[in-house]
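Notes to accompany the following structure.
Every number in this text was worked out from the coordinates using simple rules, so none of it is lab data. In this text the structure is predicted, and so the values were computed from the model without any measurement. With ideal geometry, Cβ positions are generated from the backbone for all residues, glycine too; neighbour counts draw on all protein chains shown.
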């Protein structure tokens, strides 16, 4: 991680951590960088939070002022931005979103023309310019770039999804939570066009209600409404719709581990699970590893973050990977996670197996997990503390393969996440709070 870029782009409170000046300078740099062979062609998308239009204008001004053309997709999901960047041969795409964070935050994610997030080297070049904005001339006369509305990109994305998964979904009755975010404008249409009986909730964004008590990070409303409405199951997106979680007909959460298990079985049954390997992060449950092994598959573990999942998939030619949070990449189709596409693939898998969500994952025995986020004064100091490191290793040895402990600094917030997975809830709680209490006792906590 750099000074401004974390595990998923630049992110911070709008006009506090992520300022107008930073956004403008990002636009200035990429506008200049991509005009080397004539005017660059750069795509901008945004989610529904209040500050997104402000940042869109700043980025477009920076891009056009440096001599490249800025194309504005409007309110779209991050995967839509990545897809259109790829198929319409844009030099790069810029997504304005803070994903699952509250509306007060925002972020900037940059994608290359293959739908892959910018690499660390490119991000460091941008950071250097943010800190020292010199060496780039303003474009003049007819070298000034244009700012162009590009609504047709969303239509292309919709048609692509329906071509990928054209099966008739009329046997399903599902409830969909759009988190008052990016999929508020597309999910219902795509699902209904494919025959699905669907009801949408939280699809009326106001700029300040994105992720507010709804979506994939707040499943309470979805759980309650699924049971009341007797739906087959429910799904929930996050604010920028690159991830999806499910809820069964009893109102119980089925996270990314469940979804990845079902998709792994589906791809393997159709001879599409290359090397019989699923790429996961350390947060995926030990139960998933064991269930995959029973089906003749294995899990490849990488560092937390979808960019590391994709890196392994590309390097080793794996077909499927993702995170417990529901950010799942199906490489046959593209190089990015897509909540709506994942949901469509899940529905097709359930059609194939001709069973319910729970029956499709009945072999999966999930171990209890507990994660506690602790705000700290200094993430690096906390993560480097020798006593904390020793305690983590002690707990890991006690678990002895029947669970795991993960302690990591957030890539976007000033906190440390402590997660323990064990054979009982009591054991999870005991081990988590041994670490949390140590952080507090040592004066590292806020």
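Tabulated data for the structure shown
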item	result
Helix-only mean residue ellipticity at 222 nm for the chain, each DSSP H run of n ≥ 4 adding -39500 (n - 2.57), per residue, nearest 500	-11500 deg cm²/dmol
Simple label model, 7 Å out from Cα along Cβ direction - residue 442 to residue 359, nm	5.1
Antiparallel DSSP beta bridges within the range 165-360, percent to nearest 5	40
The range 379-426 shape via C-alpha gyration tensor axes, a/c threshold 1.5	oblate
Taking all pairs of distinct alpha-carbon atoms in the range 119-258, Kirkwood radius in angstrom	17.7
Rounded Å value of the spacing that divides the Cα centres of the range 1-51 and the range 355-419	31
Net length gained if the chain between residue 429 and residue 250 were fully extended (0.36 nm per residue, minus Cα distance)	61.9 nm
Among beta bridges that DSSP assigns inside the range 5-152, antiparallel share in %, nearest 5	45
Label-point separation, residue 213 to residue 137 (7 Å along Cα→Cβ), nm	5.7
Once the Cα gyration tensor of the range 3-134 is diagonalised, semi-axes √(5λ) in Å	19, 17, 14
Extended-chain gain in nm, criterion 0.36 nm per residue less alpha-carbon gap, residue 290 and residue 387	31.7 nm
Taking only Cα atoms of the range 1-64, radius of gyration then Dmax in Å	12.2, 35
DSSP-defined antiparallel bridges as percent of all bridges, the chain, nearest 5	55
The range 165-360 - percent relative contact order, Cα under 8 Å, separation 6 or more	19
nm² value of the averaged projected area, convex hull over the Cα atoms of the range 268-314	3.3
Relative contact order (%) - the chain, alpha-carbon pairs under 8 angstrom, separation at least six	13
Coordinate range along principal axes, alpha carbons of the range 165-360, Å, largest first	42, 35, 28
Linear extension gain, residue 3 paired with residue 332, 0.36 nm per residue minus alpha-carbon span	115.1 nm
Correct choice for P(r) over Cα pairs in 20 Å bins from 0, in percent that was computed from the model, options (1) 25, 57, 18, 0; (2) 22, 51, 25, 2, 0; (3) 26, 60, 14, 0	(1)
Separation of the residue 410 and residue 380 label points, Cα + 7 Å toward Cβ, nm	1.9
